[in-house]
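Worksheet for the structure shown next.
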Amino acid sequence: AIPSADQIRITTSLKSQRGSVWTKTKSIFEYWEVEVTFRVTGRGRIGADGLAIWFTEEQGLEGPVFGAADKWNGVGIFFDSFDNDGKKNNPGVIVVGNNGKLLYDHQNDGSTQALASCQRDFRNKPYPVRVKITYYQKTLTVLINNGFTPDKEDYEFCAKVEDMVLPSQGYFGISAATGGLADDHDVLSFLTFQLTEPGKEVPTPDAEIPQKDKEKYQEEFEHFQQELDKKKEEFQKEHPDVQGQPGKTACPFFLPADDLFETVSDRELRQIFEGQNRIHLEIKQLNRQLDMILDEQRRYVSAITDEIAKRGAGVPGQQGQVSQQEIETVVKNQEEVIRQVNEIRNSMSDALRLITGAQHPGSAAGVYETTQHFNDIKEHLHVVKRDIEHLVQRNMPSGEKVKCPDLPPFPSCLSTVHFFIFVAVQTVLFIGYIMYR
């Protein structure tokens, strides 16, 4: 590790490098929280191997697990850059606990030993990535800032492990390693906080570092700085051709292929494409949920139809007419729901078409239009949900007896023609009767 005034470079972007930084004294906090700010950068589209944050009972020596020793007693939060198992789930964050006996499964990216994990891309971000790790009442929580915003409190949930027992005292550390591919792993800050339960007395802070220890640490730092300057001078003497060439980095051990490099514009386009792919996956998942809703509605209509048919079979005549009316009402409601679902599908098809068009350089407006269509889909879903709830409440079978509607008035059996004939006959008879008298 190479310390400087504003950061510590855990590993440089050279092949097969390892580095680590550890606290010199044990932490005696029962509950704690750490905030780490780091930056992982590299010219390649793929990086390796990754960075790890540790809390272990003993200081981790150099080893194969992201630059630290295996068989640790504690917990390691790994920021794995390289996809060893080929499942396309890297870069990712993995939480692995160990009791001092387990060997880390590096070939499977620790998937068989992970207590919790999340997939996050922390390489080549515009701002440093911030991680907040909290251990409180046997629960370990990992929050991460994705590095797209300078807001220090813009964290999102990553992983959580409950019923986790860690050593009461231990060392904090951070390590990193490179392999066939390489990244620069820089740590900008590592802040440690003690957590106490509400109502408990806060312990008094420890005394400041003695002056002798301060002088000793300063002397060690100056000695290390002198050794580093000497190595720089020796390297410049051995490689005079490298001097005076801006934009070139001496990397004698690792020369990756040209197709692994990307420019700043390529990186920005790749990040845009990744965002579009996430929207595409969300819409696919939404389509699957709509299919499930349609299947449930079909089963529900079938069950209601069978129930109404059973009731209609028990009471002849008028009850059959009521059952027919209920069936027609249910069918009309279902047709309305299906119509709205089809409209939603058409909107999703338009959104997918816009996404496909946006995934080409020069179509900056596609992102905005896709977002608008996604919001329209959400509104349609709320409408479908409200209609379905109304339909369920309206057609839910209850224990009450079905009330038959009032019967319509019976029609008159005498037509107009017959009425006039009857009146005429009665009139003739009446006149004849009078004349007879």
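The values are calculated or read from the model by the stated rules, or taken from the named source; none is laboratory data. The model shown is predicted, which means the values in this text are computed figures rather than measured ones. Heads up, the Cβs are rebuilt from the backbone with ideal geometry, glycines too, and the neighbour counts pull from every protein chain shown. When the accessible area is computed, the model is the full protein with side chains, heavy atoms only, and any ligands, DNA or RNA have been set aside. Shrake-Rupley method; radii C 1.70, N 1.55, O 1.52, S 1.80 Å.
When 341, 337, 367, 384 are checked against the criterion of being surrounded by 15 or more Cβ atoms within 10 Å (Cβ to Cβ), at pLDDT below 60 and part of a helix (DSSP H, G or I), 367 stands alone in meeting it. Here residue 86 meets each of (1) crowded, with 16+ Cβ neighbours inside 10 Å; (2) free of Cβ contacts under 8 Å to residues at least 24 places away in the same chain with one exception, condition (1). Of all residue pairs spaced 6 or more apart or on separate chains, those with beta-carbon atoms under 7 Å, a first member in segment 112-137 that is within 11 Å of residue 159 (Cβ to Cβ) and a second member that is open to solvent by 40 Å² or more (accessible area, probe 1.4 Å) and assigned to a strand (DSSP E or B) are 116/160. All conditions in (1) exposed (fewer than 14 other Cβ atoms within 10 Å of the Cβ); (2) closer than 14 Å to residue 79 by Cα hold for residue 146, with the sole exception of (1).
Would you point out the residue of segment 108-143, among those that are at negative phi and among the basic types (Lys, Arg), that is most open to solvent (accessible area, probe 1.4 Å)? Ranking the candidates gives 120 first.
Taking the criterion of being open to solvent by less than 60 Å² (accessible area, probe 1.4 Å) and over 20 Å from the mean Cα position of the chain (by Cα), the residues of segment 270-295 that qualify are 290, 291, 293, 294. Output the residue which, of all residues in segment 149-196 that are hydroxyl-bearing (Ser, Thr, Tyr) and open to solvent by 30 Å² or more (accessible area, probe 1.4 Å), is farthest from residue 24 (Cα to Cα). Looking at the filtered set, the residue picked out is 149.
You will find that of 18, 39, the residue that is under 30 Å from residue 265 (Cβ atoms) and either charged (D, E, K, R) or touching an Asp or Glu at 6+ places or on another chain (Cβ under 6 Å) (or both) is 39 and no other.
Would you point out which residue out of 23, 56 is crowded, with 19+ Cβ neighbours inside 10 Å, among the hydroxyl-bearing types (Ser, Thr, Tyr), in contact (Cβ under 8 Å) with a residue 40 or more places away in the chain and under 30 Å from residue 197 (Cβ atoms)? Just one listed residue meets the conditions, 56.
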